[in-house]
Each structure stands twice: as C-alpha cells, then as structure tokens.
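Notes to accompany the following structure.
The values are calculated or read from the model by the stated rules, or taken from the named source; none is laboratory data. Source: prediction; values computed, not measured. Cβ atoms come from the backbone with ideal geometry, glycine included; neighbour counts cover every protein chain shown. The accessibility values were calculated without ligands, DNA or RNA, using every heavy atom of the protein model including side chains. Shrake-Rupley method; radii C 1.70, N 1.55, O 1.52, S 1.80 Å.
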Amino acid sequence: MSASALLALVALWTEWRYKLYVVAALCLVFGASGILWQYQEAHKRPMDWFYGSGLSLMFLYWGCAIVVTAHRYAVVNGDSWREEREQVDALIQRVARRSEPDVLEFSTGNFWRGYWTYRLYNLGTGWLVARFKKGSTKLVECRVRGLSEIVFHPEASGNWNVDVMARGKTTSFRDVDLSGKVPQAYVQ
C-alpha cells in the first residue's frame, strides 16, 4: 500500500498526461483491498463490517469518478488540443494582468462566501469570467458565458449591478464599481 501511494505521489509531480490514472488506480486498490480484508477478517459486530465496507465502497466510487476525470485530462493534454490550450493560457494571462484596459474588474464577497475579485473579458462571442482570490492573481475559477448571460444595470450612484446567468441560475452582484468602463452596447 505504501509503495503504491508513493508511486501516485511521484506521478502527480510529473508532467505526464496520464498521471490521474495512477491516482484512480490507487483508490481502486484501496477499495478492493478493503473488501478483500473484510472477507478474511472475522467481525464481532455488524457495525465493524458496515464501517469497513462503507469505506471500501467510498474508495471504489472515488476511483471510478477519478477515472472519468483522468480520461478528460489525458485527452485535453494530448497533442491534438495544444492550440486550444495555448489560446486559453493566453486569455487567462491577459485576464490575470490588472492593467488590461479591456478587462472589467470588480471585487465582492463576505465572510461566509469569501472575498473574490471577478474579471470579465469580452471575447466577441461571449464573456470570459475569471474569479480570483481578492488581492491575488491566482486563478480560482474560469468560465465562458454567452453574451446574453452577463447583464449590466447602471445605478443612480454611478455603480453597477452585474447579473451572471448560468444553467437557469442568476448570480447577482450589487453596487459594484466598474469605473465607468462598461461599453454602452452591454447596458440594459
């Protein structure tokens, strides 16, 4: 077990595109060994069997879920996706720079949800919505939304209300300062 965990750790440090399969295999090995142990060990109480089986099944489930993610990771990190990866990397680097004139930036948050800085960049066919930890350039989340999924509403105070719509759910940011950088074509 220790050797397989060490192998998974070494694989994660590499740039190998199949490295997540090693983590999936590790979870599957843990789950399978737990089930095999269950049938070799004599249990005195039903709860012992229940806890052991539950933990084994959890590792088997995680292993299967990681296999799906590993497949996606391996495909996207293949040579056929190199151009798309480079385009996305260039966009993320552009959005991460604070001095970009075409990037709309606002900060929001509270104690319970965290403090975030959002940066919006118009791609022409949609919006790149990037979320950073407030005061940092470390990317937390990045999504592409359609042009109609980001709506700007001006307030009397000079600030803006920004609505981000995704999968039938609207996330609203109220009273954000965009420093008047919103193009009139996007104001509703």
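For region 124-153, how many residues meet the condition of being modelled with pLDDT under 85 and surrounded by 11 or more Cβ atoms within 10 Å (Cβ to Cβ)?
2
Which one is most open to solvent (accessible area, probe 1.4 Å), of the residues in region 81-116 that are within 20 Å of the chain's Cα centre (by Cα) and of a type in the set (Ser, Thr, Tyr)?
The selected residue is TYR115.
For region 40-49, check the following and say yes or no: at least one residue is closer than 30 Å to LEU12 by Cβ, open to solvent by 40 Å² or more (accessible area, probe 1.4 Å) and out of contact with any helix residue (DSSP H, G or I) (no Cβ under 6 Å at 6 or more places or on another chain).
Checking region 40-49: not a single residue is closer than 30 Å to LEU12 by Cβ, open to solvent by 40 Å² or more (accessible area, probe 1.4 Å) and out of contact with any helix residue (DSSP H, G or I) (no Cβ under 6 Å at 6 or more places or on another chain).
Can you tell me which condition ALA70 does not meet? The list is (1) free of Cβ contacts under 8 Å to residues at least 12 places away in the same chain; (2) surrounded by 11 or more Cβ atoms within 10 Å (Cβ to Cβ); (3) of a type in the set (A, V, I, L, M), and all the others hold.
Against the list (1) free of Cβ contacts under 8 Å to residues at least 12 places away in the same chain; (2) surrounded by 11 or more Cβ atoms within 10 Å (Cβ to Cβ); (3) of a type in the set (A, V, I, L, M), ALA70 comes up short only on (1).
Which of the helices (runs of 4 or more DSSP H) found entirely inside region 1-91 contain at least 1 residues meeting this: among the aliphatic types (A, V, I, L, M) and in contact with a Ser or Thr (Cβ under 8 Å, 6 or more places away or on another chain)?
Working: elements: 2-13, 19-40, 46-76.
Output list reads 19-40.
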